[in-house]
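Notes follow the structure.
Quick note: the coordinates plus some simple rules give every number you see, no bench work behind them. Everything numeric in this text was worked out from a predicted model, so none of it was measured. Here Cβ is always computed from backbone atoms with ideal geometry, including for glycine, and neighbour counts include all displayed protein chains.
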Amino acid sequence: GTLQTDATLSASPLWLNRHTSLVSGGSFNSITAEYNATISVGTSSAEPATLTASNVTLNFGSRLALQLFSNGKADCLSAKSINAVVNTASIKDELTYSKPIIDISTALLSDSETLPEGKYLIAQCTEGSLSVDNFTLVAPQDYKITLVTDDTNKKLYANPEHLRDPQTIYWRGSASSNVWDFNNTANFVDQDGNPIGFVSGDNVIFADNAVA
């Protein structure tokens with residue numbers, strides 16, 4: 001089921017069992033999200049929201065859903081402590097994720113708008129610390145989005161970068177790395193022979209002069 005509210009629940013803890021959702025920009029005492037439970041910050045795509053809580057526990061496989069807005073702001077989870085639980089044991093076949101998921105989408109006011117580059121605050125805590133290594137990022141492929149923290153490791157940002165336009169590229173690979181990933185490893189070259197990474201929509205050509 002889904003609980004949608006912007007109310008204040010200051011006295012009782014909230015527990016999200018598997019396959020349940022909270023959609024809120026309200027205030028809570030504590031929130032615990034189990035595997036495949038979703039915390040969606042904000043109840044509107046028109047403006048960013050902040051969900052506040054004393055303590056938040058994101059168990060592995062739970063999902064924190066937030067939006068980045070074309071005005072340079074973002075939905076944000078703000079808590080005294082945010083505990084991201086990583087599963088270090090062997091994972092059963094049906095459990096896809098071993099970390100909590102940060103699920104980012106974009107909220108653009110028109111089709112012609114693009115998301116400004118820069119750092120978008122998406123989570124912050126006053127106790128403990130946040131680490132990008134404790135999350136799995138799911139994000140639209142219209143941008144290259146990375147997670148970064150501030151110097152105190154108490155603020156977590158999403159950092160979107162604009163991508164180049166799709167073009168014809170050539171697979172090269174290398175003797176040490178045959179990775180084909182999204183705009184990260186430059187195992188391709190453009191038509192001028194310059195190393196380049198892959199983006200969605202590229203026309204990839206495999207020729208006889210590939211390294212691997």
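For the chain, the dipole from Cβ point charges (+1 on Lys and Arg, -1 on Asp and Glu) about the Cα centre works out to 700 debye, to the nearest 20.
Taking every C-alpha pair closer than 8 Å and separated by at least 6 residues, the mean separation divided by the residue count of the chain gives a relative contact order of 13 percent. Distances longer than 13 Å among the Cα atoms of segment 45-84: what percent of all pairs is that? Every Cα pair in segment 45-84 considered, those over 13 Å come to 58 percent.
Sorted from greatest to least, the principal axis extents spanned by the alpha carbons of the chain come out as 67, 45, 36 Å. The tail of the calculated P(r) for segment 146-198 beyond 19 Å holds 44 percent of all Cα-Cα pairs.
I'd like the Kirkwood hydrodynamic radius of segment 120-212, using the inverse of the mean 1/r over distinct C-alpha pairs, in Å. Let's see the in-between values first.
Details: mean 1/r = 0.0653 Å⁻¹.
With all distinct Cα pairs of segment 120-212 included, I get 15.3 Å.
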